[in-house]
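What follows is one structure encoded as structure tokens, with my remarks underneath.
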Amino acid sequence: MNGDLFFGLLRCLRNPKQSARPKEEVHHQMIKDMSSNFKDTMVKILLLGTAESGKTTIIKQMRILHINGFTDDERREKIPEIYQNIHDSIKQLVLQMQPLSLRFGSVTSERSAHYILSLPAEAPEYFTEEYCDHVVTLWNDVGIRACYDRSNEFPLLDSAKYFLDNFARICEEEYIPSTEDILHSRKVTTGISKITFRVPIPKSLGGGEQEFRMYDVGGQRDERNKWIQVFEGIQAVLFLISCSEFDQNLREDPKQNRLQEALNLFRAVWQNRFLASAGLIVFLNKYDIMERKIRAGKHIADYFPEFDEFSKRPQQQQSCFDECDWTKMFIKQKMIDITHEQFKRNSRNQCDFSYSERECYYHFTVATDTRCIRDVFSDVQQMILSENINVAGSSLF
């Protein structure tokens, strides 16, 4: 807090005439002055989480919401990425047919499968009529659909169904990716990327605008050693965890459950001493995919047996109406339990055990839903600014 603001508030406290002003008015002016002071300071937010949890999609949403989205030229630049997503998806489905002991529904589909397997790993620069016909044939095949229904047993993009369902539109000669196409597209994040944007400050916190800088880092195991490069000066961490991954294993470690990996990573982030002063917000993401899986007959209890005992808790029964609700609350409770764990804090001369006194905030999100992210980020923004004002207020007195 700058000196002028500090001494101004001090004079207000010492001056009898000023202190006679209504308490609410003085409090409002303090908030306004503090908020004005923070406008000159950039708020740095770090996105953390495992690979494919939705971090890069959040970056795209910030661009849509706060930087006027994408131009037509920028949309066209996304076409190779979308083509690659489609090519990877259909090729992976064909490759998994034999290991899963599945059969194609027709000889025509088998010919299409041979055609796809004859192509290199890189997607074609242009989708020819021949290529499009083969992909359409395969996606309509009963065997490929049965393979897709078992996609939790092998690595497949979450957006595979979206792009294959929209394949006829994407094949059009004058195709320009829609905003939804861009949100569903995926490219592996390596290194560190960032986006800077300004958002309006609520009038209750003084009004005006606040500048934010958001950092995205790769979530794969071999990328996490780069995270420490952006820890300095971070005011808030957005940790993304994919609720839908309870029945999937890691690409880089086929024996490790993805949800368990995310929980282990959250523990490491929560206990990290370099992030001890940063606010922590959790986005429990992709709950829409989680709900689809449960309605299709998947159960988290098959992968986390402790779920059965959790679902019998009487205190949760008023807020949980079906298995989808129970599963969401179970994953959230797993994270809450981690924040209550005692952990080892190492220092130069001693090793002691302690608890973190920070609060953690939880939101269920669908990262590809712009309206959802707009509403949630509005709450996050207000929480961050309020926390800054609270810290300044407590330090003042």
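The values are calculated or read from the model by the stated rules, or taken from the named source; none is laboratory data. Please read all numbers here as calculations on a predicted model, not as lab measurements. FYI the Cβ positions are ideal-geometry reconstructions off the backbone, even for glycines, and counts take in every protein chain you see. SASA here: full protein model, heavy atoms, side chains in, ligands and nucleic acids out. Shrake-Rupley method; radii C 1.70, N 1.55, O 1.52, S 1.80 Å.
Whenever a residue of segment 188-201 is farther than 21 Å from Lys78 by Cα, its partners that are open to solvent by 20 Å² or more (accessible area, probe 1.4 Å) and part of a loop (DSSP other than H, G, I, E, B), lying with C-beta atoms within less than 6 angstrom and at least six residues away or across chains, give the pairs Phe197/Ile67; Ile201/Gly208.
Of the listed requirements (1) within 15 Å of the chain's Cα centre (by Cα); (2) part of a helix (DSSP H, G or I); (3) at pLDDT 85 or above, Val380 misses just one: (3). Considering segment 92-114, the residues that are in a helix (DSSP H, G or I) and surrounded by fewer than 19 Cβ atoms within 10 Å (Cβ to Cβ) include one that is nearest to the chain's Cα centre (by Cα), namely Gln92. Between Lys17, Lys44, Lys32, the distinction of being part of a helix (DSSP H, G or I), in contact with a Gly (Cβ under 9 Å, 6 or more places away or on another chain) and either modelled with pLDDT under 95 or more than 22 Å from Lys187 (Cα to Cα) (or both) belongs to Lys32 only.
The single residue among Asp73, Asp88 that is in a helix (DSSP H, G or I) and farther than 30 Å from Phe283 by Cβ turns out to be Asp73.
Consider segment 179-193 and keep the residues that are at pLDDT below 95 and loosely packed, with under 15 Cβ neighbours inside 10 Å. The one that is nearest to Ala51 (Cα to Cα) is Val188.
Residues that are assigned to a helix (DSSP H, G or I) and closer than 23 Å to Glu180 by Cα were ranked within segment 150-160; the one that is most open to solvent (accessible area, probe 1.4 Å) is Ser151.
On inspection, Ala51 qualifies as in the same structural domain as Met214 (by the TED database) and modelled with pLDDT under 90. Tallying residues that are of a type in the set (Phe, Trp, Tyr), in a strand (DSSP E or B) and modelled with pLDDT under 70 within segment 338-377 yields 1. Any residue in segment 133-147 that is among the aromatic types (Phe, Trp, Tyr), within 20 Å of Arg169 (Cβ to Cβ) and either at pLDDT 95 or above or open to solvent by 40 Å² or more (accessible area, probe 1.4 Å) (or both)? Yes, segment 133-147 contains at least one residue that is among the aromatic types (Phe, Trp, Tyr), within 20 Å of Arg169 (Cβ to Cβ) and either at pLDDT 95 or above or open to solvent by 40 Å² or more (accessible area, probe 1.4 Å) (or both).
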